[in-house]
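The values are calculated or read from the model by the stated rules, or taken from the named source; none is laboratory data. This one's a predicted model, so the numbers in the text were calculated from it and none came from an experiment. Note that we place each Cβ from the backbone using ideal geometry, even for glycine, and neighbour counts take in every protein chain shown. Just the protein is used for accessible areas: all its heavy atoms, side chains included, with ligands, DNA and RNA removed. Shrake-Rupley method; radii C 1.70, N 1.55, O 1.52, S 1.80 Å.
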Amino acid sequence: MSTGDYVEIGFITKTHGLKGELQVSFSYDNPEKLKLKSVYIEIGGKMVPYFVSQFKLSQKQLGYFLFEDINHIDKAQPLAKKKIFLAKRLMPKKSKEEFTFKDLKGFTVIDEQEGELGEILEVRAYPQQFLATVMYQEKEVLFPLSEDLILGIDMDNKVLNIELPDGLLDVYLQD
């Protein structure tokens with residue numbers, strides 16, 4: 001499987017206790033819906049599978065893992081501060097009502113004035129808003145994902161139609 005076959009679901013924040021338990025901060029909105037028999041951790045540029053022997057959620061976005069063959073803090077420590085992934089094919093299907101701005105990653109952005117801007121590479125969540133990142137004319141461009149700017153979303157073709165504020169792209173294209 002290539003890295004495109006995986007979805008980041010969280011980040012291992014630290015070890016917990018002496019028996020190899022790991023604390024995970026979830027970036028996935030509903031971790032209770034995930035089937036967590038095995039997860040993947042990127043190590044040395046490769047996705048390495050880890051089989052889950054025990055998992056529990058302590059808060060909405062915080063959980064604890066025990067992996068098979070990791071039974072001591074010394075074995076768990078190298079996994080701290082690493083992103084954790086799940087195979088895309090194991091991700092729960094979302095209904096249209098569950099669709100969030102984060103799900104726009106991979107969509108092609110078409111602006112009303114400028115035309116195609118590129119693919120959304122990342123969606124960042126901030127307290128006040130979500131920002132999308134695209135590479136446009138070899139420059140990284142960020143723009144807000146606001147209902148005011150979104151003209152339409154074509155789920156089937158993965159296209160986001162927007163109308164950016166005048167001058168926003170100029171800010172990024174100036175040298």
Where a residue in region 99-111 is over 12 Å from F130 (Cα atoms) and in contact (Cβ under 8 Å) with a residue 12 or more places away in the chain and its partner, wherever it lies, is of a type in the set (S, T, N, Q) and surrounded by fewer than 18 Cβ atoms within 10 Å (Cβ to Cβ), with Cβ under 7 Å and at least six apart: I110/N161
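Which residue, of E114, E68, E119, E147, is farther than 29 Å from N30 by Cβ and not β-branched (V, I, T)?
Selected residue: E114, the only one of E114, E68, E119, E147 that is farther than 29 Å from N30 by Cβ and not β-branched (V, I, T).
So in region 131-165, with the set limited to residues that are of a type in the set (D, E) and touching a residue at least 24 places away in the same chain (Cβ under 8 Å), which one is surrounded by the most Cβ atoms within 10 Å (Cβ to Cβ)?
Result: E163.
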Filtered residues of region 26-45 (kept if of a type in the set (S, T, N, Q) and either part of a loop (DSSP other than H, G, I, E, B) or open to solvent by 50 Å² or more (accessible area, probe 1.4 Å) (or both)): S27, N30
Of residues in region 115-130 being modelled with pLDDT under 90 and surrounded by 15 or more Cβ atoms within 10 Å (Cβ to Cβ), the one nearest to G10 (Cα to Cα): V123
Filtered residue count, region 46-70, keeping only those that are farther than 13 Å from K83 by Cβ, free of Cβ contacts under 8 Å to residues at least 24 places away in the same chain and either of a type in the set (D, E) or open to solvent by less than 70 Å² (accessible area, probe 1.4 Å) (or both): 6
Long-range neighbours under 6 Å by Cβ, at least six apart or interchain, first residue closer than 17 Å to D170 by Cβ and part of a strand (DSSP E or B) within region 114-125, second of a type outside the set (S, T, Y) and open to solvent by 20 Å² or more (accessible area, probe 1.4 Å): G118/M135
Evaluation of F107 against (1) surrounded by fewer than 17 Cβ atoms within 10 Å (Cβ to Cβ); (2) under 30 Å from L168 (Cβ atoms) (one fails), failing number: (1)
